[in-house]
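Student: Just passing along the structure, written as structure tokens.
FYI, it's all coordinate maths here, none of it is from the lab. Just so it is clear, the model here is predicted, and its values are computed rather than measured. Here the Cβ is made from the backbone with ideal geometry for all residues, glycine too, and neighbour counts use every protein chain on show.
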Amino acid sequence: MAYLWFKAFHLVGIVVWFAGLFYLVRLFIYHVEANQEPEPARTILKNQYQIMEKRLYNIITTPGMLVTVAMAIGLLTTEPEVLKQGWLHVKLLFVVLLLGYHHYCSRLMKQLAEDKCAWSGQQLRALNEAPTVMLVVIVLLAVFKNSLPTDITAWVIVAMIITMAATIQLYARKRRLDKEKQIAQMAQVPQQQT
């Protein structure tokens, strides 16, 4: 029975943690793009994003991570023999990468607060795809364990993930170019009026 409780709350923790990670980097994108706004909107937006980022990280994302890790440890205590299986070692490697990503987000949040973040909105959009890839790999390993399929179905799924990431990047580029075009058109209107 303990196994089922650990598993249930492990899944709840994962959902909360990933929801936080997905939205946190999206806030970083908005925070960086607020630099393109005129004052006082720039300062107002950046202050608001900073508050939202801190609350999301401290109240949702980090507790989700802690619940996920604590429940995973609980699961391992109920089935310690699983630690000998290769699929779990690979899964744990991706979890360690995800923990690094989580803590790197904290570092980015501090850089944004100090106006020292060197990442562009486009680069942050690409960074925002990292937890999606890690989530897919971790879930596939948890479901298939040592029998992870390497047939055409697996490659179709990989292609779908790559296509999804590329589509998101292209859409973001289109939005940026449309905004630049709109700004250029707005700048031309006052010149035509004079």
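Here's the yes/no breakdown for (1) touching a residue at least 12 places away in the same chain (Cβ under 8 Å); (2) outside any helix (DSSP H, G or I); (3) of a type in the set (A, V, I, L, M):
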site: Gly13; (1), (2), (3): yes, no, no
site: Trp17; (1), (2), (3): yes, no, no
site: Tyr23; (1), (2), (3): yes, no, no
site: Tyr30; (1), (2), (3): yes, no, no
site: Glu39; (1), (2), (3): no, yes, no
site: Ile44; (1), (2), (3): no, no, yes
site: Thr61; (1), (2), (3): yes, no, no
site: Gly74; (1), (2), (3): yes, no, no
site: Val82; (1), (2), (3): no, no, yes
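Student: Can I ask one more? So which residues in the range 51-78 are surrounded by fewer than 16 Cβ atoms within 10 Å (Cβ to Cβ) and within 23 Å of Gly20 (Cα to Cα)?
Tutor: Answer for the range 51-78, where residues must be surrounded by fewer than 16 Cβ atoms within 10 Å (Cβ to Cβ) and within 23 Å of Gly20 (Cα to Cα): Ile51, Met52, Lys54, Arg55, Asn58, Ile59, Pro63, Leu66, Val69, Ala70, Ile73.
Student: To continue, here is another question. Can you work out which of the residues in the range 99-134 that are assigned to a helix (DSSP H, G or I) and among the aromatic types (Phe, Trp, Tyr) is nearest to Val158 (Cα to Cα)?
Tutor: Tyr101
Student: I've got another one for you. Tell me which residues, restricted to the range 25-39, are crowded, with 16+ Cβ neighbours inside 10 Å and among the charged types (D, E, K, R).
Tutor: Within the range 25-39, Glu33 is the sole residue that qualifies.
Student: Any residue that is of a type in the set (Lys, Arg), farther than 24 Å from Ile162 by Cβ and in contact with a helix residue (DSSP H, G or I) (Cβ under 9 Å, 6 or more places away or on another chain) - is there at least one of those in the range 121-135?
Tutor: No, because not a single residue in the range 121-135 is of a type in the set (Lys, Arg), farther than 24 Å from Ile162 by Cβ and in contact with a helix residue (DSSP H, G or I) (Cβ under 9 Å, 6 or more places away or on another chain).
Student: Is it the case that some residue within the range 40-49 is of a type in the set (Ser, Thr, Tyr) and exposed (fewer than 13 other Cβ atoms within 10 Å of the Cβ)?
Tutor: Yes, the range 40-49 has at least one match.
Student: Six or more apart or on different chains, Cβ under 9 Å: which pairs go from a residue in the range 137-153 that's closer than 13 Å to His89 by Cα to one that's not in a helix (DSSP H, G or I)? Could you list them?
Tutor: Once the first residue is closer than 13 Å to His89 by Cα and sits in the range 137-153, its partners that are not in a helix (DSSP H, G or I) give Leu141/Leu148; Lys145/Gln85; Asn146/Gln85.
Student: Assess whether Val82 counts as being under 21 Å from the mean Cα position of the chain (by Cα) and of a type in the set (Val, Ile, Thr).
Tutor: No; evaluated as a whole, the condition is false for this residue.
Student: I've got another one for you. Could you check the range 132-159 and list, in sequence order, the residues that are at negative phi and of a type in the set (D, E, K, R)?
Tutor: Once the filter is applied, which keeps residues that are at negative phi and of a type in the set (D, E, K, R), the range 132-159 yields only Asp151.
Conditions tested, residue by residue: (1) loosely packed, with under 10 Cβ neighbours inside 10 Å; (2) within 22 Å of Pro131 (Cα to Cα).
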| residue | (1), (2) |
| --- | --- |
| Ser147 | yes, no |
| Met160 | no, yes |
| Met164 | no, yes |
| Thr167 | no, yes |
| Arg176 | no, no |
| Lys181 | no, no |
| Met186 | yes, no |
| Val189 | yes, no |
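Student: Go through the range 171-182 and report how many residues are free of Cβ contacts under 8 Å to residues at least 24 places away in the same chain and within 18 Å of the chain's Cα centre (by Cα).
Tutor: 1
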